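One structure below.
The values are calculated or read from the model by the stated rules, or taken from the named source; none is laboratory data. Predicted, not measured: the structure shown is a model, and the values here were computed from it. Positions of Cβ are generated from backbone atoms using ideal geometry, with glycine treated the same way; all protein chains shown enter the neighbour counts. Ligands, DNA and RNA are excluded from the accessible area calculation, which covers all protein heavy atoms including side chains. Shrake-Rupley method; radii C 1.70, N 1.55, O 1.52, S 1.80 Å.
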Amino acid sequence: MSELTELSQDAPSGSDELAVDMSVDLGGGHRLPNPLMTASGCAANGKELHRFFDVADLGAFVTKSVMADPRSGRGTPRMAETPSGMLNSIGLQGPGIDAFVEEDLPWLQSVGARVLPSIAGSSSTEYAHVAARLRASRAFESVVGVEVNISCPNVANRGLVFACDPLASAKVIALVREQLPRHIPVFAKLSPDVTDITAIAAACVKAGADGLTMINTLLGMVIDTDRLRPQLGGVTGGLSGPGIRPVAVRAIWQVRQAMFEGRIPTVPIIGVGGVRTGRDALELVAAGASAIQVGTVVFNDPSAPVRVLRELSDLLADRGFERFTDAVAVAHGR
Amino acid sequence: MSELTELSQDAPSGSDELAVDMSVDLGGGHRLPNPLMTASGCAANGKELHRFFDVADLGAFVTKSVMADPRSGRGTPRMAETPSGMLNSIGLQGPGIDAFVEEDLPWLQSVGARVLPSIAGSSSTEYAHVAARLRASRAFESVVGVEVNISCPNVANRGLVFACDPLASAKVIALVREQLPRHIPVFAKLSPDVTDITAIAAACVKAGADGLTMINTLLGMVIDTDRLRPQLGGVTGGLSGPGIRPVAVRAIWQVRQAMFEGRIPTVPIIGVGGVRTGRDALELVAAGASAIQVGTVVFNDPSAPVRVLRELSDLLADRGFERFTDAVAVAHGR
Amino acid sequence: MTERAMRARVTQEVAEVIATRRVGAYQHITLVAPGVAELARPGQFVALAVGDDTSGNLLRRSFSIHKVSPSGTYGGTVEIVVSAVGAGTRWIVERAPHDTIDVVGPLGKAFPLPTEPVACVLVGGGYGSAPLFWLAGELRARGCHVEMVLGAASEDRLFGVVEARRSCDGVTVTTDDGSAGQQGWVSDPLPEIIERTRASVAYACGPMGMLESVTRVAQAHGAVAQVAVEESMACGVGVCMTCVMPVVGADDRTRMVRSCVEGPVFRGDRVRWDAFEGRHARVPDDCVGAPKVGGH
Amino acid sequence: MTERAMRARVTQEVAEVIATRRVGAYQHITLVAPGVAELARPGQFVALAVGDDTSGNLLRRSFSIHKVSPSGTYGGTVEIVVSAVGAGTRWIVERAPHDTIDVVGPLGKAFPLPTEPVACVLVGGGYGSAPLFWLAGELRARGCHVEMVLGAASEDRLFGVVEARRSCDGVTVTTDDGSAGQQGWVSDPLPEIIERTRASVAYACGPMGMLESVTRVAQAHGAVAQVAVEESMACGVGVCMTCVMPVVGADDRTRMVRSCVEGPVFRGDRVRWDAFEGRHARVPDDCVGAPKVGGH
Ligand SMILES: Cc1cc2nc3c(=O)[nH]c(=O)nc-3n(C[C@H](O)[C@H](O)[C@H](O)COP(=O)(O)OP(=O)(O)OC[C@H]3O[C@@H](n4cnc5c(N)ncnc54)[C@H](O)[C@@H]3O)c2cc1C
Ligand SMILES: Cc1cc2nc3c(=O)[nH]c(=O)nc-3n(C[C@H](O)[C@H](O)[C@H](O)COP(=O)(O)OP(=O)(O)OC[C@H]3O[C@@H](n4cnc5c(N)ncnc54)[C@H](O)[C@@H]3O)c2cc1C
Ligand SMILES: Cc1cc2nc3c(=O)[nH]c(=O)nc-3n(C[C@H](O)[C@H](O)[C@H](O)COP(=O)(O)O)c2cc1C
Ligand SMILES: Cc1cc2nc3c(=O)[nH]c(=O)nc-3n(C[C@H](O)[C@H](O)[C@H](O)COP(=O)(O)O)c2cc1C
Ligand code: FES
Ligand code: FES
């Protein structure tokens, strides 16, 4: 608490001075003060960014996808810069769910953060196990939802990524949904690397997803032209950053359109992909996102999520909005 | 011819002074002096760029995709700039195949260009008709191959793009292949917007494609955040430029890998997607491309294709290559 | 300039900024670009690259050529007038003397000049007046009587009032808010000027809405309108087909034509103004190759 | 600096370049960054953004802090020494005085200082010597005997030989090509220096191969190596997990640790040098969470 008290002497925190009612409810009755979030894997588990801004100022803090056991991740190099973006192949390095619920989650709770843990697995039962362990955490009160990263290789299916297959995705979501109390919304995080993202979205919602997060990285590759071999230790990697934003906007638009047309039940969408400024966030919101995650741009500007919140709120005020939620999906039917 | 004579008084043309043997054979016994090409739709049909460099200096000139009838294309705006790229929705505006074979192709032949016409259609029979008409052209001698743009909406299948469906793609390729003489290689131009690009590649090669061009644009969207509506008249559009290069490299790598593994017969790949410099071209080449197209970057630098040729040849020389073809796919198995 | 550039009447060069100064709401920039300066005609434009190799802004930005000086202390120079509205124009106006900018030009068709010494009215909206002073000079050199109308939202968005007085036989200024000249639009004084001077041509450059009114007024009073349009352009050199607009051809048929190579100057009565709506232009149903019902 | 930055001992500020000069193959740049200057310790680094809003280079570039002056005419300054190798470093070395660069820092762990006045050897390869002069000053202030070895491929790639002579008790120079000092590697004179001075610590900064040799030589001669590594970093602040390397912990188990927050300074004998191969580092089989056979 002393840390929080101290904080109030800092410059007034983002949300106090916002001109627009930025609050949003993504399900389960958790009213978030604003729609800004970190993106999984781009913010570690909170302590590091808390040096730059108060992580409790975010709508929610999204943690690095956690699996059952500790994982070393892949060898290096794990990154390559690309035009207006980057490629990464971390290989889901992490401490495992036990360490996460014993150390990371309680710390986030101690600073007053609302947490959206991201979970992952190599099999649908691993996802279920991680969800169950999370539920049993003493810090579970800080959890406002669970994001399920289904862009993981499925060992049971020759390493094909769950998110590329509607059946595999649905199975994971159904099992995770069973492990968690009703008031904890489950978000399926979709991959854009599919022929028809609305088919995967529909399968996830049908299986019990209370919301969708879009998009994960695009599969990409960089070749080291000095040594003429793949630059990443893991050969291919995930492409992220502003360069892919038009793909995120399109994916959100298509899925939201399918909801308007009744092809998918309407659930909230968390938008992510290439957000650098409030203007970028507004693009995703107008396409249909009810919340916004800032990923790669944090590497450029560690306090980007709170900056984007301020910029977004100012833009909404300029455009005469009184409530953030009125801007969600506003570009449809114009 | 007088124009060509005049040209020889210009600065010596690209290929004369290259340190490396840049020639390449993409099938049909047409030995191209070098692997650099324009990209369809990013160079019109030659006259415009011929003001900046001699289009006969290119390995081949790829024309704007042509359909059976004249087409007005879509309303405007047709473009949006994006980080390290752009979005376009032209809607295949063009004069139709009759005007193309009567005016554009003869002009290209008159300046000595080797031509890779790109053809398109709304049905597989339209593709076949366009190919047949092309074959009957008096300027057909200038044609070194035909590129089949299968990223068109298929009217017979609710506007689903041919390139998203292996069967529809195969049908188009088979019909086009029938219309053209054996010595004219047919290249299927693939879309990256699919779950498994190797499946589409395999279907096309099985249906008779003598080569593959990868990649077409990614489906994207930009929202005008002032008016809060889609920025393009056509709502969604194609994303291109350096921002998507890692996707092109990955697609080429995956398909080439499938060829090495015997899952697809080995045919030449023409690489396209985000090439700005010789270094970028080398990335695509090392991943498996036997030729390189420069698209969006021409809008930044109208003489980019010949500049990239020079840069690529210098880089190959630096790295000790004597022949361009030795660098093709060199990054595999390193 | 290479022989090819000479023959092609277009070139690409790395231009040094030698002067840049604020003029009202705009930045007036002088570039050393001898190749462009030698080839350009009034009404043509240049396309400037934004940023260096690290730039994420790939597309060039287009600007009317305000003035050229084919030779001088620095070699030939080209002047432009820039309104900073987005990332690219902001970058351009921030360039300091000695910075360089990559320039392609001259591009597009110039204003057609009358063969007889007829009276002309030149109408400029905002920075749209930039190319008109040079045009005025050429017209007067041919013995034409030249009057100019300059209009803008407010005084700071007028460009070149002093220069207009120097280079024309008559100048009228309008502003929407009345902060300079008469309050109103450029189309308000236009009928009187055309009638009084018996102008045969009205040249105009400015926003689309203004070009449409100038065309309408000119037509109503027996003058031909020659308008320089401004469409979103990705390439500026005729290869991308993004800058199209519906224009009626000599065969009376409407086509979606490229404003970068077949324009930016069009005869006003050829433009299908009915197809424009805000920043959008529809494809008219009677356009060559227009989508058929149920078709593409 | 906000109270948060103070407490967090890290800040982000827009720094003005006040001096930049060529030194051999490098650019020595002085930035006004009072927040960083106040908080930094030798061995820490700063992460600089590349370009402005239009930049397509999103990731920051890391540089060892060469020197800080917590106060002065311009407020506190931070100095760095940059070798231009790619797009980002080229942009940075091209900045002129009064240009600004966005800086985050200080980042990472500083060199641990001995509590007793022991003898120390400082080894710098190329621009790796940049952080060592400041370290030397701090060590001598504690009564340590300090010798330095500077090595590089050739004379122009040595940094700070004159400064070394001023700030140390002994200086040895080596170059691969013999263009300055003795021909050979920094590891050649090292055994003699450690033995002669009875050094307990060898501090080193430079390429990985050099750090490995320094570690080996130090260990063989009874000294502890403290090495500052340089891994590809996307964020520099501990959130992305790209900068990891295999390091043995206090529990004797190897983990892939983040060199930006748990480094860049590591005890040499803790680094799993066996896992490095060129620019790649494998995950050792005995690493915590290493992929099991047939596993991920
Ligand atoms: C023939 C012609 C002459 C012009 N002359 C002038 C002039 O003399 N002075 C002046 O200030 N402006 C002029 N413009 C407009 C100027 O090109 C745009 O304001 C500028 O491109 C906007 O770039 P931006 O990066 O600031 O804006 P952004 O909105 O960030 O631009 C995004 C993209 O849209 C394109 N774009 C946006 N607006 C326009 C536009 N109006 N016209 C063309 N492309 C656009 C840009 O080129 C860029 O690719 C002219 C445009 C044309 C076509
Ligand atoms: C802790 C630390 C201290 C450093 N100190 C110095 C110094 O004092 N002086 C100096 O000249 N250089 C130093 N470097 C190296 C410097 O960061 C790289 O040379 C620089 O990042 C290369 O950027 P670029 O754009 O020129 O190269 P590019 O190859 O274009 O960079 C592409 C990407 O790879 C990353 N990258 C490439 N090489 C390195 C590298 N060696 N280390 C980290 N990231 C890299 C870049 O950050 C960028 O994201 C240091 C690196 C680290 C990690
Ligand atoms: C270094 C890095 C690590 C990531 N790790 C994860 C992860 O563990 N789980 C996940 O769901 N997404 C992960 N992502 C994807 C991001 O959460 C996000 O979906 C993607 O990067 C697009 O957003 P951006 O463009 O804002 O970065 C990672 C992205 C990056 C760049
Ligand atoms: C304005 C524009 C128009 C295009 N038109 C076509 C086309 O007609 N046919 C086609 O096959 N590809 C078309 N493309 C796709 C390009 O040929 C190319 O595949 C793609 O843009 C990726 O390459 P790039 O990043 O180098 O532009 C077009 C691209 C752009 C930007
Ligand atoms: S701007 Fe590209 S064709 Fe006109
Ligand atoms: S550089 Fe991101 S964790 Fe170290």
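Here are a few things to note about the model shown:
- The value of relative contact order for the stretch D:180-295, using C-alpha pairs under 8 Å at least six residues apart, is 20 percent.
- Interface A-D: total buried accessible area of about 4000 Å², 1.4 Å probe, protein heavy atoms only.
- Using a 7 Å Cα-to-Cβ projection, C:Gln183 label spacings across copies, nm, ascending: 8.9
- For B:Ser23, residues with placed amide H under 5 Å, excluding near neighbours: B:Phe324
- Overall form of chain A per C-alpha gyration tensor (a/c, 1.5; a/b vs b/c): rounded
- Pairwise FRET efficiency - D:Arg196 versus D:Arg253, Cβ, R0 = 35 Å, nearest 0.05: 0.40
- Magnitude of the charge dipole, the stretch C:169-296, Cβ model with Lys/Arg +1 and Asp/Glu -1, debye to 20: 420
- Computed E for C:Asp286/A:Arg323 - FRET, C-beta separation, R0 45 angstrom, nearest 0.05: 0.50
- Cα-based Kirkwood hydrodynamic radius, the stretch B:202-269, one decimal, Å: 14.2
- The stretch B:65-155 - percent relative contact order, Cα under 8 Å, separation 6 or more: 32
- Per residue solvent-accessible surface (Å²) - chain D, probe of 1.4 Å: 40
- Accessible area per residue for the stretch A:231-334, computed on protein heavy atoms with a 1.4 Å probe, is 27 Å².
- In terms of its C-alpha gyration tensor, the stretch B:193-334 has an oblate overall shape, because the principal axis ratio a/c (a ≥ b ≥ c, square roots of the eigenvalues) is not below 1.5 and a/b does not outweigh b/c.
- Spin-label model, D:Asp52 to A:Ala99: label points 7 Å out along the Cα-to-beta-carbon direction sit 4.4 nm apart.
- Ignoring aspartates and glutamates fewer than eight residues from D:Lys292 along the same chain, the ones with Cα atoms less than 17 angstrom from its Cα are A:Asp69, A:Glu126.
- Bridgeable lysines around B:Lys206 (alpha carbons under 20 Å apart, same-chain partners fewer than 8 residues away excluded): B:Lys171, B:Lys189.
- Part-to-part distance (alpha-carbon centres) for the stretch C:107-153 and the stretch D:143-208, which is given in Å: 73
- Positive minus negative residues near C:Val50 (Lys, Arg vs Asp, Glu; Cβ under 15 Å): -4
- Per the axis that maps chain D onto chain C, nearest residue of D (Cβ criterion) and its distance in Å: D:Gly56, 2
- When the charge dipole of chain D is built from unit charges on Cβ atoms (+1 for Lys and Arg, -1 for Asp and Glu) and taken about the Cα centre, the candidate among D:Gly72, D:Val85, D:Val50 whose Cα reaches farthest toward its positive end is D:Gly72.
- For B:Gly96, the residues 5 or more places off, or on other chains, whose built amide H falls under 5 Å of its own are B:Met67, B:Arg71.
- Across the stretch B:92-108, coupling constants 3J(HN,Hα) worked out from phi with the 6.51/-1.76/1.60 Karplus curve, θ = phi - 60°, read 6, 4, x, x, x, 5, 5, 5, 4, 6, 8, 10, 5, 4, x, 5, 4 Hz, and Gly and Pro carry x.
- Cβ-derived FRET efficiency at R0 56 Å, B:Val235 paired with A:His183, nearest 0.05: 0.90
- Each other copy places its own label point for B:Asp318 at 4.2 nm from this one, sorted shortest first, where the point lies 7 Å along the Cα-to-beta carbon line.
- Signed unit charges on C-beta, dipole axis of chain D, positive-most listed residue D:Ala141, D:Leu31, D:Ala180: D:Ala141
- Which listed pairs, of A:Lys47/D:Lys109; B:Lys47/C:Lys109; D:Lys67/D:Lys109; A:Lys64/D:Lys109, have C-alpha distances above 18 Å, in listed order: A:Lys64/D:Lys109
- Computed extension length for C:Ala84-C:Arg9: 24.1 nm, one decimal, from 0.36 nm per residue of separation with the Cα-Cα distance subtracted.
- Of all accessible heavy-atom area on the stretch C:32-133, the percent that carbon and sulfur account for (1.4 Å): 50
- Exercise: per-residue mean of other protein chain Cβ atoms within 10 Å, D:88-94: 1
- Label points for D:Ser154 are taken 7 Å from Cα along Cα→Cβ. From this copy to the others they lie 6.1 nm apart, shortest first.
- Sequence-separation-based contact order of the stretch A:196-318, relative, with Cα cut under 8 Å and 6+ spacing, percent: 24
- A simple spin-label model places the labels of D:His98 and C:Asp188 4.3 nm from each other, with each point 7 Å out along Cα-to-Cβ.
- Remark on the stretch C:36-70: accessible area falls by at least 10 square angstrom from chain-alone to full-complex state for C:Ala49, C:Asp52, C:Asp53, C:Thr54, C:Ser55, C:Gly56, C:Asn57, C:Leu58, C:Leu59, C:Arg60, C:Arg61, probe 1.4 angstrom.
- For the protein assembly as shown, a simple Cβ point-charge model (Lys and Arg +1, Asp and Glu -1, everything else neutral) yields a dipole of about 1760 debye relative to the Cα centre.
- Beta bridges by DSSP in the stretch A:124-277, antiparallel share as percent, to the nearest 5: 40
- Dipole magnitude for the stretch A:246-306: about 120 debye, using +1 per Lys or Arg Cβ and -1 per Asp or Glu Cβ, origin at the Cα centre.
- Residues A:Phe321, D:Phe111 ordered from highest to lowest accessible area at a 1.4 Å probe: A:Phe321, D:Phe111.
- Between the listed residues D:Ala234, D:Pro191, B:Ala136, the Cα displaced farthest toward the positive end of the dipole of the protein assembly as shown, a dipole computed from Cβ unit charges relative to the Cα centre, is found at B:Ala136.
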